[in-house]
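Everything below concerns the one structure shown next.
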């Protein structure tokens, strides 16, 4: 199967400039945030790839680089085999229609001064629908598809609830008929009962329009539910990738294991003295550790090798890989 | 035995241009000595307002119009500001959701932990100021070590921005513990934190409860988190208690359609992936029906749901506010 999206050795670094005074008087150098560090992965046509990780792991940055909302510092992004970095602005604009993004916060991602008609309508314009009446018909169809009443076409974002707004931003993304949708924490700001509605809606749309999702979330339950494959990130690096079942029921990387053990559940009540937890917090991406990014917190660290050498990718079974020295031991 | 904290028929209203909204509508709740109770609900259910009202911190323009909050027999709703000040932080302490905004950025963390000791004059009344300060500092260092802040001597002098989110929350917990309160009110203490850090903080609260016997009232939107941590769970919807019982009972045998709906709407990590069953609609606090507030979204609503349901007890110790369990059903 051909991948729809290929990320090859993607790194994204952000420069933190010291203030002029700091540079001149204290000699502080500019610092570099290593948000994403050499990540390679593929997203296949028609699948949902869940990208999980804690805050600061670089998952959102990777999502943005994947659709070239941000340029990678190094590495290549290929969409349908085309290297996005080599496309002209006009070509890129053409291709943009095929890739869309849904953001976490439906309160800040919709323009408060535009009505639903304007919001979805401008996406339809971008798709090339020039006729007003055709646009109106399409907006009404989309609203009905989202289970929203037609009168919403006149409404402004502040008149809608969080769940309704998120439906509108999903419709806006879908109005251009994309093939790839990057969903960046699309349900994290919503209540549980509404969250399930939106997840169900996303699943229906995927079937109807044959979409491919790159689904970014820190919520392990949600990712389990929606994903076919899962990629786990830690401190800018991919640590494990595999089919959803493999990752959740047969995790190999110590970080993945720790993440899964941290999910609250009723069964943990009986554990006296609390469950085993990961100590400490992730190191700063300003100064990531050498070797394995996880070695500072790893409960099963081997020793020097983890501190100094980047761990190799080990294949556990076809399609299930983890980056850990422990797994490459004979 | 009378409970440590008893809330009876609490009603808090917020006047709005579209009429008054009852954020808390006849809530009753009790918390025993050393008990852990979880107050669970979605946004707008009134859980946070309830918690804030206990300490007389009802956010404006909210007003308490009915009810009693008894702490060791004293009605906190009738307490004078001076009396409340003596209780806050000394007998009932609070941990907030976002440690970044609750710690003061311009004071050293250690001094902020010491403040509570100082205000309540907790250590050695009548000791000379210089010596008192020293005693307090020692106690702060102990507290910081107890909540798992590494090298307390150094971290005493640090400012909040030098702490990670998890460490800030530990500092907040140290403040809450400083005067050895009987009750800790925790308002979504881990919502702003990553899951691995959440697990650390919950373990810390668990240890505090076991070793010090501090009662904890945990407000959260996460049913699983509440079930894991608490002895009892109180589920709120639209300002009312809709279900209440032991964690096992509520999670394994949920009775109220809302609790059942919440559990069905949450993805389970189970080899057989089940489709989600969302609860239809959204809550509209400004236009609640006269009867059961959940009826418009309930898939088992009946004509009788036009009337307000009472809290029933179909199983001893497990209460539910629903007509399905009454004689009329």
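What to note about this one:
- The lone criterion from (1) at the interface with chain A (Cβ under 8 Å from one of its Cβ atoms); (2) outside any loop (DSSP other than H, G, I, E, B); (3) buried (at least 22 other Cβ atoms within 10 Å of the Cβ) left unmet by residue B:251 is number (3).
- Considering residues of region A:175-197 that are under 15 Å from residue A:142 (Cβ atoms) and buried (at least 22 other Cβ atoms within 10 Å of the Cβ) only, the residue modelled with the highest pLDDT: A:181
- Top-ranked residue in region A:202-224 [being within 12 Å of another protein chain (Cβ to nearest Cβ) and out of contact with any strand residue (DSSP E or B) (no Cβ under 9 Å at 6 or more places or on another chain); ranked as nearest to residue A:318 (Cα to Cα)]: A:221
- Only one of A:285, A:289, A:264 that is within 11 Å of chain B (Cβ to nearest Cβ) and either touching a residue at least 12 places away in the same chain (Cβ under 8 Å) or crowded, with 16+ Cβ neighbours inside 10 Å (or both): A:264
- All positions within region B:293-321 that are in contact (Cβ under 8 Å) with a residue 60 or more places away in the chain and either over 21 Å from residue B:262 (Cβ atoms) or more than 24 Å from the chain's Cα centre (by Cα) (or both): B:315
- For region A:146-174, the tally of residues that are within 13 Å of another protein chain (Cβ to nearest Cβ) and either under 13 Å from residue A:205 (Cβ atoms) or modelled with pLDDT of 95 or more (or both) stands at 3.
- Subset tally (residues that are more than 14 Å from chain A (Cβ to nearest Cβ) and assigned to a loop (DSSP other than H, G, I, E, B)) for region B:148-178: 4
- The number of residues in region B:10-41 being closer than 18 Å to residue B:217 by Cβ and in contact (Cβ under 8 Å) with a residue 40 or more places away in the chain comes to 18.
- Within region B:184-200, restricting attention to residues that are buried (at least 23 other Cβ atoms within 10 Å of the Cβ) and under 15 Å from the mean Cα position of the chain (by Cα), the residue that is farthest from residue B:35 (Cα to Cα) is B:190.
- Here residue A:165 clears all of (1) over 17 Å from residue A:98 (Cα atoms); (2) outside any helix (DSSP H, G or I) except the condition numbered (2).
- For region B:239-261, filtered to residues that are in contact (Cβ under 8 Å) with a residue 40 or more places away in the chain and out of contact with any strand residue (DSSP E or B) (no Cβ under 7 Å at 6 or more places or on another chain), the residue that is nearest to residue B:205 (Cα to Cα) is B:253.
The values are calculated or read from the model by the stated rules, or taken from the named source; none is laboratory data. What you are looking at is a predicted structure, and each value in this text was computed from that prediction instead of being measured. Please note: Cβ atoms are built from the backbone with ideal geometry, for glycine as well, and neighbour counts cover all protein chains shown.
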